[in-house]
Structures are given as structure tokens and as C-alpha cells.
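Structure first, then comments.
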Amino acid sequence: MRAPDDPYYDVYLTGTVFLDIILTGLDCAPVRGTESWARGMGSSPGGVANMATALARLGLRTSLAAAFGDDHYGDYCWDALEQGEGIDLSLSRTVPGWHSPVTVSMAYEGERTMVSHGHEAPPPEPAPDRPPRSRAAVASLEPDGSPWIAEAAAGGTRIFADVGWDETGRWDPARLADLAHCEAFLPNAEEAMRFTRTECPRAAARALTAYVPTAVVTLGSEGAYAVDAGTGEAAEVPAIAVEALDPTGAGDVFVAGFVTGTLAGWPLADRLAFAGLTAALSVQEFGGSLSAPGWCEVAAWWQYARDARDQDPAALRRYAFLDDLLPTPATPRPLRRAVPTIGFRHA
């Protein structure tokens, strides 16, 4: 849905890239004083790379301004994103002498526990004067705000925002000041309720429309709920039942799906359904960024769902809009997936 005078980039992101090491197939949480063996393991770029990869795999021209470690992990992540996913890294940089941040994610019982290590990257020298022109940008709201958000919005970029967990426990709505520049805010249910001092995620979504035109609250296994402040429209879509291998990065994939549908001009309920579908497909693979689906994976699911006898026809009608969107059957290009190591030596 690009217009001739649109910016070249569809989406701009900024942040730090981690190396993610994902352990799956654990029967239970690690127990103190014991050794646990995982039946599966994968390595992949993480951090802001989760969102960037999910966007790129849905066909959006993605520009990423990120800090990369000056080590083999950093080289691997750069190659995986630039060469493997086609993400534009011209605004990114490698920080001399800085090692890549690392996150170890342990998946069990449908959830995950993460342990991270890293040091803050030095400020860029020189810093870009302003973000590139893009149709949209995805931001993670910070307590002190991010000057680039207001600047990008003033230039016509549509801002989509999420937020991290408030370690201070204050959950001060003043932290949401940048929402004045945003088109949509996509927190999870717990974050939304804490910021709005409500006890119901749907009430929290309605309260958030005082700050932002579209509030989307993810409900975990129950799906997602959204409210459009301008029209008063509300939409709720249940989650798709899948066998979850690893939920790492599913929230980022959800946001990427919602951004894709918004830029394409879809109705609110279709955007919500598509975002939930892409997130559900991602948890069936392990590894945050490299678990993200592309259009061929969406098409394969839709073909399976329509032909499966155990599917509820009424529920499937929610996804009928896919018929006009999906590519004709073709042999897909294999997507990179998380692997146990970052590379083998060639003989």
C-alpha cells in the first residue's frame, strides 16, 4: 500500500541488539543445587532485532539504528540481520571494544525465564541528527522520554509504542508522556492495568484512549482487545490455540503484525486478528527473532486451517480476509531459524 510520495522506509527502529541463547525442552524450572539438561537449544539475534526481523519478514522495508558488539557475536548478529533478513543497517554501528549483550532464555511450562548480561553501550559519535523519514516507527517508551519520537512524529511518521516493566514499581502515568506523539500503544494486560490503576484489562484499554488514539492490550492466552478513541470502536479477538515451544519475542511479532495491518489500512479487528496469528505462529519455533513467520508461513497455516476437520468454521470466518492477501502457492524460501551454535568452521 505504498504511495509514490511515501518515504522509502516503511518502519524505523532503534535500540540494542543482544545475542539470545534459548534453551527449550525443560520439564520444569531449574532447581537450585541441581543440573538441568535442555532437549533443545538455539542462538539468534535478540533485543531490538526481534521486532526488526518480524517486520522485515512481513515485507516491510525496515531501517534499524542499533549498537552491535565488537566481537564474533556482534558479527553474527549483523550478518543475520543485514544479509539474512534484508534489514537496512546503514544507521547502525559497531562499538569498538564493547562485547555483545547476551540473554539466556529458558522455556518451560509455556513460559520463559531470562538471564541477561551486558554493559551500556557508549553514546554514538556522532549521533544522527534525526531519524530517517519513514512511514512508521516502533518505540519503547522510556521514563525520561525519547526526543526522536516527537521529531519523527512531527515529520509525519506514525509512531507505535510499547513499554517495558517498571522496575521502580511506581507505574507513573507521566512515563507515558510520549504517547501524545503516538498513534497506537500496545502494552500487555498487567502493564496496562498498573498504569491506569484499573482491575480489568479491557477497562485499562479504554482508559488509555485518553492518552493515545488506539489502545491495544494483549491478553495472553485470551487474545487481545483494542479500542479506537476516534470512532469508539472496540474489537476483541481470541488467541489461536497452538502448541507453544518458546514464547520469546511473541510480543514483538504481535506489534509487527499490527503495524503491518495498520499501514495497509485494514479494519481494527483484522489488524488484531493478524497480529495474534503471527504471534501464535512464532511461538511454535524457538528463538525470538528467527521464530517470526513470513507470508508463506501465514499462507500455510490458512491452507491447513481451512482443510482441517477439527476447526470451528465460525472461528475461521474471522480470518477470511486472508483470502485476498495471501500469495499464490509457491515454494517458499527457507527462513533462517535458531540453531545451537552461531557457525561451524568450513573444511
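Quick notes
- Given (1) of a type outside the set (S, T, Y); (2) free of Cβ contacts under 8 Å to residues at least 12 places away in the same chain; (3) part of a helix (DSSP H, G or I), index of the condition Q311 fails: (3)
- Qualifying positions in the stretch 24-49 - in a strand (DSSP E or B) and in contact with a Lys or Arg (Cβ under 9 Å, 6 or more places away or on another chain): T24, G42, S44
- Among (1) open to solvent by less than 10 Å² (accessible area, probe 1.4 Å); (2) over 24 Å from R336 (Cβ atoms); (3) of a type outside the set (F, W, Y) - the single one V253 does not satisfy: (2)
- Candidate set: the stretch 207-224, residues that are within 17 Å of the chain's Cα centre (by Cα) and under 22 Å from D178 (Cα atoms); chosen: the one most open to solvent (accessible area, probe 1.4 Å): T218
- Index of the failed condition, F18 passing every other in (1) aromatic (F, W, Y); (2) surrounded by 18 or more Cβ atoms within 10 Å (Cβ to Cβ); (3) over 19 Å from P247 (Cα atoms): (3)
- Failed condition for R130, given (1) within 18 Å of Y12 (Cβ to Cβ); (2) part of a loop (DSSP other than H, G, I, E, B); (3) open to solvent by less than 70 Å² (accessible area, probe 1.4 Å): (3)
- Residues located in the stretch 1-15, provided they are of a type outside the set (D, E, K, R) and surrounded by 12 or more Cβ atoms within 10 Å (Cβ to Cβ): P7, Y8, Y9, V11, Y12, L13, T14, G15
- Tabulated pairs, the stretch 63-87, first hydroxyl-bearing (S, T, Y), second assigned to a helix (DSSP H, G or I), C-beta under 9 angstrom, 6+ apart or interchain: S63/A52
- Residue list for the stretch 273-306, restricted to those being open to solvent by 10 Å² or more (accessible area, probe 1.4 Å), touching a strand residue (DSSP E or B) at 6+ places or on another chain (Cβ under 7 Å) and either at pLDDT 90 or above or in a helix (DSSP H, G or I) (or both): G276
- Among the residues of the stretch 153-164, those identified as more than 20 Å from the chain's Cα centre (by Cα) and either closer than 15 Å to G15 by Cβ or assigned to a loop (DSSP other than H, G, I, E, B) (or both) are G155, G156.
- Residues located in the stretch 182-206, provided they are of a type outside the set (A, V, I, L, M, F, W, C) and either surrounded by fewer than 22 Cβ atoms within 10 Å (Cβ to Cβ) or closer than 14 Å to G251 by Cα (or both): E183, P187, N188, E190, E191, R194, R197, T198, E199, R202, R206
The values are calculated or read from the model by the stated rules, or taken from the named source; none is laboratory data. Model, not experiment: these values are computed from the prediction. So basically every Cβ, Gly included, is an ideal-geometry build from the backbone, and we count neighbours across all protein chains shown. With ligands, DNA and RNA removed, areas are computed over all heavy atoms of the protein, side chains included. Shrake-Rupley method; radii C 1.70, N 1.55, O 1.52, S 1.80 Å.
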